[in-house]
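Below: the structure, in structure tokens.
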Amino acid sequence: MRKLTEKKIVLASHNKGKLREIAELLQPFGISVILAGDLGLEEPEETENTYAGNAQIKAHFAARSSGIPALSDDSGFSVDALNGAPGVYSADWAETPNGRDFPMAMAKVWDKVKHVPTPQMARFCCTLCVAWPDGHDEIFEGVVYGTIAWPPRGDRGFGYDPMFVADGMSQTFAEIEPTAKHDMSHRADAFDKLVKNCLGD
């Protein structure tokens, strides 16, 4: 397992919400994070049907293009009653000609599951990939289980956060304090593994 010794990395994303979360998670390690979009890097086409495959595409593209290590996050919202959909295609469900519309995407999910007996089981999945310019990478996966909430609640999260209540919680991911979400989210689960393997002693 390769250690991440550099103090600057590129986040292979154009999502400022992810930048905020990842920057806060890496701040204690003295690592600064630059958004790929702020470097003018394009978003490569995600052609794989797995989180790991798409995470590798994004991280390797950013690492090669920038010349410094890159971190990518491929995550999604999976609903048991939809056989895991939208899953890898979570962002696609939100696409419109004018950008991503997650309230619309959440409404699509609800329309497909509203007749399913409650509780409607769901989970957030996250795969992190750290890639170096020489082509090496490390992959870490995380998951958090919970149920669907409707109507959506809260304005602190992003994506599908307003319609997800983690097991043992009563508030959605968009209602709880960001620090509380960082401690228990799918991203936190994957990030904890990254820390132990790439940033630990």
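The values are calculated or read from the model by the stated rules, or taken from the named source; none is laboratory data. Values in this document were obtained by computation on a predicted structure and should not be read as measured data. As a convention, Cβ positions derive from the backbone with ideal geometry for all residues, glycine included, and neighbour counts pool all protein chains shown.
Structure above, values below:
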| read-out | value |
| --- | --- |
| Selection status of Phe164, aromatic (Phe, Trp, Tyr) and under 30 Å from Met1 (Cα atoms) | no |
| Members of region 21-37 that are without any contact (Cβ under 8 Å) to a residue 40 or more places away in the chain, surrounded by 13 or more Cβ atoms within 10 Å (Cβ to Cβ) and of a type outside the set (A, V, I, L, M, F, W, C) | Gly37 |
| Wholly within region 13-120, helices (runs of 4 or more DSSP H) carrying at least 3 residues that are in contact with a strand residue (DSSP E or B) (Cβ under 6 Å, 6 or more places away or on another chain) | 16-26, 51-66 |
| Verdict on Asp192 being acidic (Asp, Glu), touching a strand residue (DSSP E or B) at 6+ places or on another chain (Cβ under 9 Å) and surrounded by 16 or more Cβ atoms within 10 Å (Cβ to Cβ) | no |
| Any pair with Cβ under 6 angstrom, 6 or more apart, that starts in region 75-87 at a residue that is closer than 15 Å to Gly142 by Cβ and ends at one that is part of a loop (DSSP other than H, G, I, E, B) and not basic (Lys, Arg) | Gly76/Ser90; Phe77/Ser90; Phe77/Tyr160; Ser78/Gly84 |
| Lone qualifier among Lys181, Lys112 - being modelled with pLDDT of 95 or more and either crowded, with 22+ Cβ neighbours inside 10 Å or basic (Lys, Arg) (or both) | Lys112 |
| Index of the failed condition, His60 passing every other in (1) over 26 Å from Thr179 (Cβ atoms); (2) in contact (Cβ under 8 Å) with a residue 12 or more places away in the chain; (3) of a type outside the set (A, V, I, L, M); (4) surrounded by fewer than 16 Cβ atoms within 10 Å (Cβ to Cβ) | (4) |
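Yes/no matrix, rows are residues, columns are (1) within 15 Å of Val143 (Cα to Cα); (2) part of a loop (DSSP other than H, G, I, E, B):
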residue	(1), (2)
Arg156	no, yes
Thr172	no, yes
Ala180	no, no
Asp183	yes, no
Ala188	yes, no
Phe191	yes, no
